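Structure first, then comments.
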Amino acid sequence: MNEDEFRTARKRMVEEQIAARGVLEPRLLVVMESVPRHLFVPADDLPWAYSDGPLPIGHSQTISQPFIVALMTELLQVKATSRILEVGTGSGYQAAVLGRMAAEVHTLEMIPELAAQASKTLAELGYKNIHVHSGDGSQGWREAAPYDGILVAAAAPSVPKPLLDQLAEGGRLVIPVGGRGSQRLEVWSRKGDDFDHQEHLAVTFVPLRGEYGWK
């Protein structure tokens, strides 16, 4: 496929997979149509870069389905001034979307090889506001806390307390919570020392590893 074909595929992805399912935030749709997802997938999977599903990226990890990336970003309610933490960098695609929406993004990846590749891809695309760190994402990244939003791209057995602690006042945490095979997407919002939370649709994510994730 050439660049025009990829551009057409992105436009179709946004119209048929994202907007058609009710994700309609205008700024987000523009970003989803502009970020080149094909640069974040393995070369063998290029023909499926804009398909309606996750794709393997090695190390038993995946790049999430475009709709899920868009939905989680919309639920996070990202503003142009937001400081965001992402847990589970993977390929870097979700971070790239967040980087176009927010002022600053810190993203954590436990697998050093994936962190290095994501950092390289994001740098080649010219991102200056995304900082890739290698480490235990279940503990968050205290060095840059607090965050206006935290997005977790891996499934936790329960909500890690360090992530709640690192939310700013009014901040939101979007995270899949449940068993290894099936989870619910949850949104937690901070009000002082209290937290409200809502459950959304059923999802299936790779397990969150680390001290507050799956052992």
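Is the range 126-145 home to any residue that is surrounded by fewer than 18 Cβ atoms within 10 Å (Cβ to Cβ) and of a type in the set (A, V, I, L, M, F, W, C)? Yes, the range 126-145 has at least one match. Set side by side, the residues S60, S82 differ, and just one is within 20 Å of Y127 (Cα to Cα) and either small (G, A, S) or at pLDDT below 95 (or both), which is S82.
In the range 196-213, the residue that is nearest to the chain's Cα centre (by Cα) out of those that are surrounded by 15 or more Cβ atoms within 10 Å (Cβ to Cβ) and of a type outside the set (V, I, T) is F205.
Of everything in the range 3-31 that is among the basic types (K, R) and out of contact with any Phe, Trp or Tyr (no Cβ under 8 Å at 6 or more places or on another chain), the residue that is nearest to V97 (Cα to Cα) is R27.
Within the span defined as the range 13-23, one or more residues are part of a helix (DSSP H, G or I), touching an Asp or Glu at 6+ places or on another chain (Cβ under 7 Å) and not hydrophobic (A, V, I, L, M, F, W, C). Of the residues screened, S138 is not one that is in a strand (DSSP E or B) and touching a Gly at 6+ places or on another chain (Cβ under 9 Å).
Across the range 68-96, the number of residues qualifying as assigned to a helix (DSSP H, G or I), within 15 Å of V174 (Cα to Cα) and not hydroxyl-bearing (S, T, Y) comes to 10. Of the residues making up the range 32-65, those that are over 20 Å from G99 (Cβ atoms), of a type in the set (G, A, S) and outside any loop (DSSP other than H, G, I, E, B) are A43, G58. For the range 54-78, what are the residues that are surrounded by fewer than 16 Cβ atoms within 10 Å (Cβ to Cβ), under 16 Å from the mean Cα position of the chain (by Cα) and at positive phi? If the condition is that a residue be surrounded by fewer than 16 Cβ atoms within 10 Å (Cβ to Cβ), under 16 Å from the mean Cα position of the chain (by Cα) and at positive phi, then no residue fits. For the range 116-164, the candidate set comprises residues that are within 17 Å of S64 (Cβ to Cβ) and among the small types (G, A, S); within that set, the residue that is farthest from the chain's Cα centre (by Cα) is A156.
Residues in the range 148-201 that are part of a loop (DSSP other than H, G, I, E, B) and of a type in the set (A, V, I, L, M, F, W, C): A153, A154, V159. Among the candidates L108, L114, the residue that is at pLDDT 95 or above and in a helix (DSSP H, G or I) is uniquely L114.
Listed here are the residues, each with its yes/no results for (1) of a type outside the set (D, E); (2) free of Cβ contacts under 8 Å to residues at least 60 places away in the same chain; (3) under 20 Å from P176 (Cβ atoms).
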| site | (1), (2), (3) |
| --- | --- |
| Q17 | yes, yes, yes |
| A20 | yes, yes, no |
| H38 | yes, yes, no |
| I63 | yes, yes, yes |
| V69 | yes, yes, yes |
| E74 | no, yes, yes |
| G88 | yes, no, yes |
| Q94 | yes, yes, yes |
| A103 | yes, yes, no |
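The values are calculated or read from the model by the stated rules, or taken from the named source; none is laboratory data. Since the structure is predicted, the reported quantities are computational estimates derived from the model, not experimental observations. In this analysis, Cβ positions are derived from the backbone assuming ideal geometry, glycine residues included, and neighbour counts consider all displayed protein chains.
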